[in-house]
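Below: one structure, written as structure tokens.
Bear in mind that the values in this text are calculations on the coordinates, not laboratory data. Source: prediction; values computed, not measured. Cβ coordinates were reconstructed from backbone atoms using ideal geometry, including for glycine residues, and neighbour counts include every protein chain displayed.
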Amino acid sequence: MDRCVVLVDAGYLLGAAASLLAGEPSRSRISVDHAALIQGLRERAESDTERPLLRIYWFDGAPDRVPQPEHRRLRVMSRVTVRLGALTRSDGRWNQKGVDAAMHAELTELARNRACSDIVLVTGDGDLLPGMMAAKEHGVAVHLWAVQAADGDYNQSEDLVAEADERRVLDRTWITKAVRAKEVGGVCAPPPAPRPEIAAILSAPLPDSALAPAAERPAPEPPRTAPAAAPNGAEERAAAPKGVPTPKDLAALRAHGPQAPQPATATLRWSSDKGWVDRPGAAAEPPEVASMPTLAQLTTAEQRWADREEDITTVGGDPYEVGQVFARRWMSRLGDPGHLQKLSGMYPRIPHRIDGELLRYAARFGLLAHKDDQIDEHDRYAIRAGFWREIDVRTAAGPAPAGEQ
């Protein structure tokens, strides 16, 4: 078949790009526009091979083989298939398991079945040499692509280079069309738009003084800038608003011993946070709020199937987006608009059951930090900010039309 296939070792491509642009192979140091990267790979492959593209296979590792948000975005793109190996942590480093074997199996199977005439390999691993030789024996032309190496480095197996039919180098100009080095303290990409709602939540008053309509909430503040690195290399977290300690603040207070003074008005910012807390009676949730229905209680079997279909095919897994999707579904199925007004008055807190259900829903999208099976603190804030953003949009627009799902 006169078609081309691209096999991408994501660990090599993005690790080498990080070395080139950020000076070290850590993928956390770069941000990636995956849509632009896939389009660039397709155009380059069709140009180099002079064949139409059959498919791009994206091989990567993930903790417990659970797709991460970037994998969810990739696997619903046209002509893209994602194959995941395991990602394990050893001696402080992440290591992929099973990715090379999966690439080798796909390479030999495509060649044996004559599914294509040209295969493009984006990898540097010499373990694929037997697969490359087998593909050539089946009459397939093998193109080997390298990422331009950082000064003084060489990032491909010499045997792999010698065996390839054609070799190309993806240089800095090509790479930077879809990949960029992150600024220190930045967030991985695609770079999100500024979201002042998160800063507004972080600076919100105590719950007992925040029981006001949505229109009276404080205006969002500009996003907080990343703190400077501490002398010992650890990041110093920005101080919490006075009177509203975070769980880590409370833990630090307790670490000083039982005689350490505890703040009289201390309260936790979220219902799902854990730690020492002295909740004033006025901050307790009233019965009508505690009895708000959960999304599961409002969802039929047919809606549950449609929700799962949407999660798989259209929801990328960005934390802010996840909060918006959950809130949109919950609000559209509420029969009593009074629940929405009561919830709006509780800003920025979310009732226990709804908040827990929101975080369990977010865990479906690979947002767990696998070292302790908890969602990253920044992601939790983003999830809730997305939730509140949808609440504000709905309360400003009025009740939903009858029958909206």
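With a Förster radius of 41 Å applied to the beta-carbon distance between residue 303 and residue 90, the computed FRET efficiency rounds to 0.45.
3J(HN,Hα) along segment 304-321: 5, 5, 5, 5, 5, 4, 5, 4, 6, 9, 10, 8, x, x, 4, x, 5, 5 Hz, from the Karplus curve 6.51 cos²θ - 1.76 cosθ + 1.60 with θ = phi - 60°, whole Hz, x for Gly and Pro.
Checking the a/c ratio against 1.5 first, then a/b against b/c, what shape does the Cα gyration tensor give for segment 4-181? Rounded, because the longest to shortest axis ratio a/c is under 1.5.
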